[in-house]
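Beneath this line is the structure, given in structure tokens, with notes to follow.
The values are calculated or read from the model by the stated rules, or taken from the named source; none is laboratory data. All values derive from a computational prediction rather than experimental measurement. For neighbour counting, all protein chains shown are included, and Cβ atoms are generated from backbone atoms with ideal geometry for every residue, glycine included. Just so you know, the surface numbers come from the protein's heavy atoms only, side chains and all, with ligands and any DNA or RNA stripped out. Shrake-Rupley method; radii C 1.70, N 1.55, O 1.52, S 1.80 Å.
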Amino acid sequence: MNAPTGRRASSDPIRPSAFPPARLTLRPPTFPPGPVSGAWWPRSDDLAAELPALIEAFDRSWGRVTRMAAHRSAWPQAPCDLPVAGHTVRAAWFTSGFDPHAIRLFAYGVGRRDLLVVPPGTGTATAMRLMTAAADPALLLTASALLQDAGGNRPAGDT
């Protein structure tokens, strides 16, 4: 009898190479975490399609992500289990007490990371400013505060 490997069968449709890389920026690891540890800019509001690339980035560099949490209003669908390459991420959905512009990732035995979720339709210039600000160790703003600040400083023509 063979011991389980924790890997899925080769017929699994979820393959890391099938996804474009996650648009992600993180605070330097030497700094203590602030309200957010960085930012993620998904390409759409389809969490099931977007999450595998994000999880792949964290699985390689930080540890296997086993759970995530988000505000229910942030995503059109709220599945409890999200298949990603090699495993399933369990989701918790909140309707209050959780920043609607953040996602929280948990890696067993490693800890958690809270990320600003840059809305998918955000213009490139604004998204880059938000991602830079979220990774800046000197800024101690929540995800919602970062978005509010960027909204007030948006140049004309940038969406």
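The figures follow:
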read-out: FRET efficiency for Gln77 and Ala138, using Cβ-Cβ distance with R0 set to 41 Å, rounded to 0.05; value: 0.70
read-out: Gained length - Ala125 relative to Thr66, 0.36 nm times residue gap less alpha-carbon distance; value: 18.0 nm
read-out: For peptides 135-141, 80-86, 97-103, sequence by mean Cβ density within 10 Å, most packed first; value: 97-103, 80-86, 135-141
read-out: Accessible-area composition of the range 45-159, carbon plus sulfur, in percent [1.4 Å probe]; value: 54 percent
read-out: Accessible area in square angstrom per residue, the range 34-81, 1.4 angstrom probe; value: 41 Å²
read-out: Rg to Rh, two decimals, where the range 16-90 supplies the alpha carbon set and Rh follows Kirkwood; value: 0.95
